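**Q** Before I ask anything, let me first share the structure, which is written out below as structure tokens.
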Amino acid sequence: MASNFNSTINAAAFDRLYEENIEAIYNFLFYKTLNRETAADLAQEVFLKAWRGLKKNNVENPKAWLYTISRHAIADYYKRLKPQANIDDFWDLADSVNLLEKLDQKMAGEKIIHALKKLSSSDRDLLIMRFWLDLPFAEIATHLEKNEGAVKMACSRALKKIQTEAPFICFLLLAGQISNL
Amino acid sequence: MNTKKINQYLEELYQFDPSLKKHEQILRQLIPQLIAAKPDSGFNPELIQKIKSHLEQSLKKTNYKSMTKKIVPFWQPVLTWSAGVIAMLFLALTIYQIFPDNQAQIANKNPETGVKKVVASAFGPLNSQGNVVTSDTRMIGGLGSANNSPSAQNAPELKEVSVTASDSLATPLMTVNTTEENDLMPTNIIGMGGGETELRNEKIMIMPIINYSFKYQGEPLDLSQVSKTVYRRIKNQNGFAIANLLSGLEIDPIKLNSFSNLKATYISLAEDKPFGLTASFDFNDDSVSIYSNWEKWANPERDKCQDEACWSRFRTKYEDIPEDSVAIQATNDFLTNLGVDISRYGEAKVNNSWRRWYEQTTDKANYYFPEIVNVVYPLLIDGQEVNNSAGEPDGLLVNYNILEKRVSDASTFTPYNYEASEYEAETSADRLINLAEAGGWNQFSYHLYDSSGEVEVENRELILGTPRQGLIRFWTYQNNASQELFAPALIFPVLDVPADYYGSTNIIVPLTQDLIKELEERNTQYSQGGVISPISISSVMR
């Protein structure tokens, strides 16, 4: 990908940035909003802001910057939607009802979703990036502007939180009550 | 999911946190489940093009010329020019349809406007045969505010009654205290370790399950005056009329009359000026919403922020938040200028529920204050206030942007056009109170409890006060079609809400028989574990 842009970004480079990142950014926005239309709208907003920003500013790592813009676009979106909400509760607003179309997926999926809801927004971002977007820790660290070790430790803590804060899931897993999806 | 991939995930984590190894058994099952729960984002090549296309619409005003040039239809410039003409036509027609009392209306009022009486039970069954969906099932618990206090205006006449709770509702999920003192699990229950020996040493700490029950301590209910009327919103099919109006146009090189049975579905009209607004017309829903045209609300300083320190400079501060009266004056002016007849709405109320969280937080310095003041104008139908399933006012939502000191959004405007049909209403006060004490309509929480008695269960009783009567908005779905309905209900306030209670602060009990039966059946299902099976920890042990 185009790894570095300066303020003279041209359209061809931006094309490339778009083509190389639209899927990841869209999916990230979707996993954070759980709504396809919203994710598409926000993706458009993110790239528009990126274009404007790249025209004016030097950006060392545009891909990481796209994630930063995305996180703020999500925050702005939820503030518009429910301005009174606590930021860590935003995921509760997402429409998870229609996500799990197959009935046999619903129970298990809901429990995982429910467990993820109990995490902080940053922990949830981490698990989404690692396990849903399948990003390597090194890349996640870059996107979150943290060092890789801190990201791995945070991921480890997030997994432990799921185990301890949602023990019901663990019961079901061990009892074989959640079948493979 | 293949073992190799799981091993890769685990090895990465073990390298940094070897203590995770003792949780390997559960991680080997949890990680695949976590991955399998990944929702389908629906991403596909068409979506790439769709987003690109929309992006191009925004970018074309800049000096950007490459990316979407290749995908923009060659007739785009003509269409853009023609769209101005079309927009004028749409605007004129839709203003007439949506705001029949608007000064800008073209001719006479829509003769259909108002509430029209129809035969009894005209909307079919109101229960799950119609797949009932309430208006706020995604709400965050505890968003109810002081604004939800009972209104004497619509409350039925009351007599003294006190009934003890006969059922209870569990908290959504068990929460955990990681202190050693709360180690409630036998040591060989959960396979959190890497082997039998480690399993026996592993400990899980579980906070008590909190079962909330409700007890009515309001005045006795007199149901002689309760409403039996259910309302249905009538949606005009303007889409065909508007498409018909346009069908003679030629938008080079397309002739619209080459299509058949055209129907307009959506159109958005945006003000091209600083702080411009976008009106989004939904002809299927016969409604219009107004949003900020965000391109025109850009904050160049904030938009170029690249770190948290920069972003935080633009966060709302406590002292920025205006008095309720200031925000309401601004939203009233906005609606008046728009020509909206606000007499069809109840008294405007500001949603100040964030203050509850602010009061509770210990880190006030870093509290994220809302950037928008939510002003709600409850819809009135035949003088009755409409509520969502949390018992909060439901109607027109107008957002006042604190930073820019102006209205940024308003939704959803609909014509005042309803049908009214009578349904059989409940006459037993005891039955209604029993339903209220069982949590009413808006309790969709998981109902988890430990039947083995091995986990501490804490019972808490919350007091319900005298209810008010209002309408509850909900939808039913039948044969791939929906109808938007408004049913009479009693709204019981939860009194003396504990600081750590995150459930709804109102309990809704519908008054029509269809919905009551539905509710009772659901409660029975819960109590029998039909929705979410109660789990016995001892059964897992075996």
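The values are calculated or read from the model by the stated rules, or taken from the named source; none is laboratory data. Worth saying up front: this structure is predicted, and the values here are computed from it rather than measured. Neighbour counts are summed over all protein chains in view; Cβ atoms, including those assigned to glycine, are modelled from backbone coordinates with ideal geometry.
**Q** Take the residues in segment A:57-77 that are crowded, with 19+ Cβ neighbours inside 10 Å and in contact with a strand residue (DSSP E or B) (Cβ under 8 Å, 6 or more places away or on another chain); name whichever of them is farthest from the other protein chains (Cβ to nearest Cβ).
**A** Across segment A:57-77, the extreme among qualifying residues is A:62.
**Q** Please find, within segment B:29-49, the residue that is nearest to residue A:43 (Cα to Cα) out of those that are surrounded by fewer than 18 Cβ atoms within 10 Å (Cβ to Cβ) and more than 7 Å from every other protein chain (Cβ to nearest Cβ).
**A** B:49
**Q** Within the bounds of segment B:305-318, is there any residue that is exposed (fewer than 12 other Cβ atoms within 10 Å of the Cβ), of a type in the set (Lys, Arg) and under 23 Å from residue A:69 (Cα atoms)?
**A** yes
**Q** Could I ask something else about it? Quick check on this structure: which one of B:24, B:12 is modelled with pLDDT of 75 or more and either within 31 Å of the chain's Cα centre (by Cα) or facing another protein chain (nearest Cβ under 8 Å) (or both)? Can you show your working first?
**A** Numbers: B:24 fails: either within 31 Å of the chain's Cα centre (by Cα) or facing another protein chain (nearest Cβ under 8 Å) (or both).
Residue meeting the stated conditions: B:12.
**Q** Is one or more of the residues making up segment B:345-358 modelled with pLDDT of 90 or more, surrounded by fewer than 18 Cβ atoms within 10 Å (Cβ to Cβ) and more than 10 Å from chain A (Cβ to nearest Cβ)?
**A** Pass one, segment B:345-358, residues modelled with pLDDT of 90 or more: B:345-350.
Checking which are surrounded by fewer than 18 Cβ atoms within 10 Å (Cβ to Cβ) leaves us with B:347.
Subset that is more than 10 Å from chain A (Cβ to nearest Cβ): B:347.
Yes; the residues of segment B:345-358 include at least one that is modelled with pLDDT of 90 or more, surrounded by fewer than 18 Cβ atoms within 10 Å (Cβ to Cβ) and more than 10 Å from chain A (Cβ to nearest Cβ).
**Q** Can you tell me which residues in segment B:295-320 are touching a helix residue (DSSP H, G or I) at 6+ places or on another chain (Cβ under 7 Å) and aromatic (Phe, Trp, Tyr)?
**A** Residues satisfying the conditions are B:311, B:314.
**Q** Go through segment B:309-329 and report how many residues are assigned to a helix (DSSP H, G or I) and away from chain A (no Cβ under 11 Å).
**A** Restricting attention to segment B:309-329, the residues satisfying the condition of being assigned to a helix (DSSP H, G or I) are B:309-312, B:318-320, B:324-329.
Of the ones still in play, those that are also away from chain A (no Cβ under 11 Å) are B:309, B:312, B:318-320, B:324-329.
So the answer is 11.
**Q** Another one. For segment A:64-167, give me every one of the helices (runs of 4 or more DSSP H) that falls completely inside it and has 1 or more residues that are at pLDDT 65 or above and closer than 20 Å to residue B:8 by Cα. Don't jump to the end; show me each part of the working.
**A** Values: elements: A:90-93, A:103-117, A:121-127, A:137-143, A:148-165.
The qualifying helices (runs of 4 or more DSSP H) are A:121-127, A:137-143, A:148-165.
**Q** Which number in (1) at pLDDT below 90; (2) away from chain A (no Cβ under 14 Å) marks the one condition that residue B:380 misses?
**A** (1)
**Q** Then there's this: Residue by residue through segment B:301-323, note down the ones that are in contact (Cβ under 8 Å) with a residue 40 or more places away in the chain and among the acidic types (Asp, Glu).
**A** Pass one, segment B:301-323, residues in contact (Cβ under 8 Å) with a residue 40 or more places away in the chain: B:314-318, B:320-322.
The one that is in contact (Cβ under 8 Å) with a residue 40 or more places away in the chain and among the acidic types (Asp, Glu): B:320.
**Q** Of all residues in segment B:414-429, which are part of a loop (DSSP other than H, G, I, E, B) and among the charged types (D, E, K, R)?
**A** B:424, B:426
**Q** Turning to a different aspect of this structure: Sort out which residues of segment B:330-341 are free of Cβ contacts under 8 Å to residues at least 60 places away in the same chain and either within 11 Å of another protein chain (Cβ to nearest Cβ) or surrounded by 15 or more Cβ atoms within 10 Å (Cβ to Cβ) (or both), and write them in order of number. Break it down into steps so the answer makes sense when it comes.
**A** First, the residues of segment B:330-341 that are free of Cβ contacts under 8 Å to residues at least 60 places away in the same chain: B:332-333, B:336-337.
Matches in segment B:330-341: B:332 only.
To keep it simple, each residue is scored yes or no on (1) at pLDDT 85 or above; (2) within 19 Å of the chain's Cα centre (by Cα); (3) surrounded by 22 or more Cβ atoms within 10 Å (Cβ to Cβ); (4) at the interface with chain B (Cβ under 9 Å from one of its Cβ atoms).
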site	(1), (2), (3), (4)
A:14	no, no, yes, yes
A:19	yes, yes, no, yes
A:25	yes, yes, yes, no
A:36	no, yes, no, yes
A:39	yes, yes, yes, yes
A:42	yes, yes, yes, no
A:51	no, no, no, yes
A:55	no, no, no, yes
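**Q** How many residues does segment B:458-470 contain that are surrounded by 14 or more Cβ atoms within 10 Å (Cβ to Cβ) and either at pLDDT below 80 or not in a strand (DSSP E or B) (or both)?
**A** Residues flagged as surrounded by 14 or more Cβ atoms within 10 Å (Cβ to Cβ) and either at pLDDT below 80 or not in a strand (DSSP E or B) (or both) within segment B:458-470 amount to 3.
**Q** Can you tell me which residue is nearest to residue A:27 (Cα to Cα) among those in segment B:29-62 that are assigned to a loop (DSSP other than H, G, I, E, B) and small (Gly, Ala, Ser)?
**A** The first filter runs over segment B:29-62 and keeps only residues assigned to a loop (DSSP other than H, G, I, E, B), leaving B:37-44, B:60-62.
Adding the requirement that they be small (Gly, Ala, Ser) leaves B:37, B:41-42.
Numbers: B:37: 14, B:41: 6, B:42: 9 Å.
Residue satisfying both the conditions and the ranking: B:41.
**Q** What tally of residues in segment B:357-401 results from selecting those that are of a type in the set (Val, Ile, Thr) and under 19 Å from the mean Cα position of the chain (by Cα)? Before you say what the answer is, go through the steps one by one.
**A** Our first condition is that a residue be of a type in the set (Val, Ile, Thr); within segment B:357-401, this holds for B:361-362, B:372-373, B:375-376, B:381, B:386, B:398.
Subset that is under 19 Å from the mean Cα position of the chain (by Cα): B:372-373, B:375-376, B:386, B:398.
Going through segment B:357-401 one residue at a time, the tally reaches 6.
Residue by residue, here is whether (1) within 30 Å of residue B:505 (Cα to Cα); (2) within 27 Å of the chain's Cα centre (by Cα); (3) at pLDDT 75 or above; (4) surrounded by fewer than 16 Cβ atoms within 10 Å (Cβ to Cβ) holds:
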site: B:260; (1), (2), (3), (4): no, no, yes, yes
site: B:268; (1), (2), (3), (4): no, yes, yes, yes
site: B:276; (1), (2), (3), (4): no, yes, yes, yes
site: B:280; (1), (2), (3), (4): no, yes, yes, no
site: B:299; (1), (2), (3), (4): no, no, yes, yes
site: B:302; (1), (2), (3), (4): no, no, yes, yes
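**Q** Out of (1) surrounded by fewer than 17 Cβ atoms within 10 Å (Cβ to Cβ); (2) among the aliphatic types (A, V, I, L, M); (3) within 14 Å of chain A (Cβ to nearest Cβ), what's the single condition that is false for residue B:373?
**A** All conditions pass for residue B:373, except number (1).
**Q** Do you know which of the residues in segment B:347-366 that are touching a residue at least 24 places away in the same chain (Cβ under 8 Å) and not in a helix (DSSP H, G or I) is farthest from residue B:402 (Cα to Cα)?
**A** If we take residues in segment B:347-366 being touching a residue at least 24 places away in the same chain (Cβ under 8 Å) and not in a helix (DSSP H, G or I), then B:347 is farthest from residue B:402 (Cα to Cα).
**Q** Sticking with this one: Which numbered condition in (1) in contact (Cβ under 8 Å) with a residue 60 or more places away in the chain; (2) in contact with a Ser or Thr (Cβ under 9 Å, 6 or more places away or on another chain); (3) closer than 30 Å to residue B:513 by Cα is the only one that residue B:380 fails?
**A** The failed condition is (1).
**Q** Further, regarding this structure: I'd like the full set of residues that are in a loop (DSSP other than H, G, I, E, B) and more than 9 Å from chain A (Cβ to nearest Cβ), limited to segment B:280-308. Give the steps one after another, and end with the answer.
**A** Step one: filter segment B:280-308 for residues in a loop (DSSP other than H, G, I, E, B), giving B:283-286, B:293, B:298-299, B:304-307.
Residues satisfying the conditions are B:283, B:284, B:285, B:286, B:293, B:299.
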